[in-house]
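Enquirer: Following this message is one structure expressed as structure tokens.
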Amino acid sequence: MRTLKILVIALFAFLSLSTFAQNSEIPSTPKPSYEKDALQIAPFGFFRHTLQVGYIKRLKGGKQSLVVTPSIVLKKNDNESTTGIKAGLQYRFYLNYNKFSNEDKNVRGYAAPYYRFSSIKKTDSDVDFFGETILPIGEREGTMVSNEAGLLMGFEIKFFERMHLDLFAGGGARFSNNEGDNWVIDDSIIGYGYTGIKPTIGLNVGFSF
């Protein structure tokens with residue numbers, strides 16, 4: 001019984017000291033938004049059957065950042081399938097950093113060299129409608145593997161407390177290695193199999209944490 005009383009007293013003493021220590025700590029100054037890492041998503045990618053997320057890692061106190069953007073492409077129906085992966089990498093240099101020491105800027109301009117990779121497989125089938133049954137009568141297949149590098153200019157526009165819009169435009173050189181049936185390979189300027197100088201424009205929505 002005496003041992004139990006000693007353990008209870010020791011437990012209360014430990015909890016009391018822990019609470020006192022926590023209350024005595026000097027609260028740390030919260031980071032401004034331009035120093036916080038962020039996640040973002042590309043909403044217009046949904047119109048091309050693409051789910052793209054991005055992770056922004058702030059570097060050097062917010063002067064620069066590293067942006068990683070993995071993507072999944074997925075579209076399937078009765079006679080067509082498009083599947084694959086994409087990945088992007090940017091290194092951003094913020095152009096109005098010298099003003100951050102005075103205020104938390106709501107608009108931040110940046111320049112960013114970038115690299116993108118994509119590997120897409122597409123299949124397409126001819127079908128014959130026999131009553132209510134769909135009969136495949138032929139299948140075509142093509143793969144498109146692309147590498148692209150260039151430069152982006154953009155703005156991160158802060159709204160609310162943690163949200164931001166990421167608007168950018170730019171362009172680069174794209175090289176694609178296409179294999180398979182030319183009928184299913186899209187080598188237009190907006191296609192996955194395009195080779196040439198390619199402009200780019202986009203919008204992301206993100207939040208910092």
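Enquirer: Can you compute the modelled spin-label distance between N77 and Y55, with each label point 7 Å from Cα toward Cβ, in nm?
Expert: Calculated label separation equals 3.5 nm.
Enquirer: Could you compute the net charge surrounding F207? Neighbours are other residues with a C-beta less than 13 Å from the C-beta of F207; K and R count +1, D and E count -1.
Expert: -1
Enquirer: Here is a further query. Using the alpha carbon gyration tensor of the range 142-209, what are the three equivalent-ellipsoid semi-axes (square root of 5 times each eigenvalue), largest first, in whole Å?
Expert: Semi-axes (√(5λ), whole Å): 32, 13, 9.
Enquirer: Taking the dipole about the Cα centre of the range 136-208, with the C-beta of Lys and Arg at +1 and of Asp and Glu at -1, give me whichever of A173, G154, T200 is farthest to the positive side.
Expert: G154
Enquirer: How far apart, in nm, are two points set 7 Å out from the Cα along the Cα-to-Cβ line at R140 and at Q64?
Expert: Distance between label points: 4.6 nm.
Enquirer: Here's a follow-up. Mind giving me the FRET efficiency for R162 and I201? R0 is 22 Å, r the Cβ-Cβ distance, nearest 0.05 is fine.
Expert: About 0.30, to the nearest 0.05.
Enquirer: Follow-up. Determine how many Å³ per residue the convex hull of the Cα atoms of the range 36-208 encloses.
Expert: Convex hull volume per residue, Cα atoms: 105 Å³.
Enquirer: On to the next question. If you add up the charges near K63, with Lys and Arg at +1 and Asp and Glu at -1, over every other residue whose beta carbon is less than 11 angstrom from its beta carbon, what do you get?
Expert: +3
Enquirer: Starting from the Cα of F209, move 7 Å in the Cα-to-Cβ direction to define the label point; list residues of the range 38-82 whose amide nitrogen is under 20 Å from there.
Expert: Within reach of a label on F209, which here means backbone N under 20 Å from a point 7 Å along Cα→Cβ, the range 38-82 contributes 38-43, 51-59, 62, 65-72.
Coordinate-derived values only; no laboratory data. Keep in mind that this is a model prediction, so the values were computed, not measured. Positions of Cβ are generated from backbone atoms using ideal geometry, with glycine treated the same way; all protein chains shown enter the neighbour counts.
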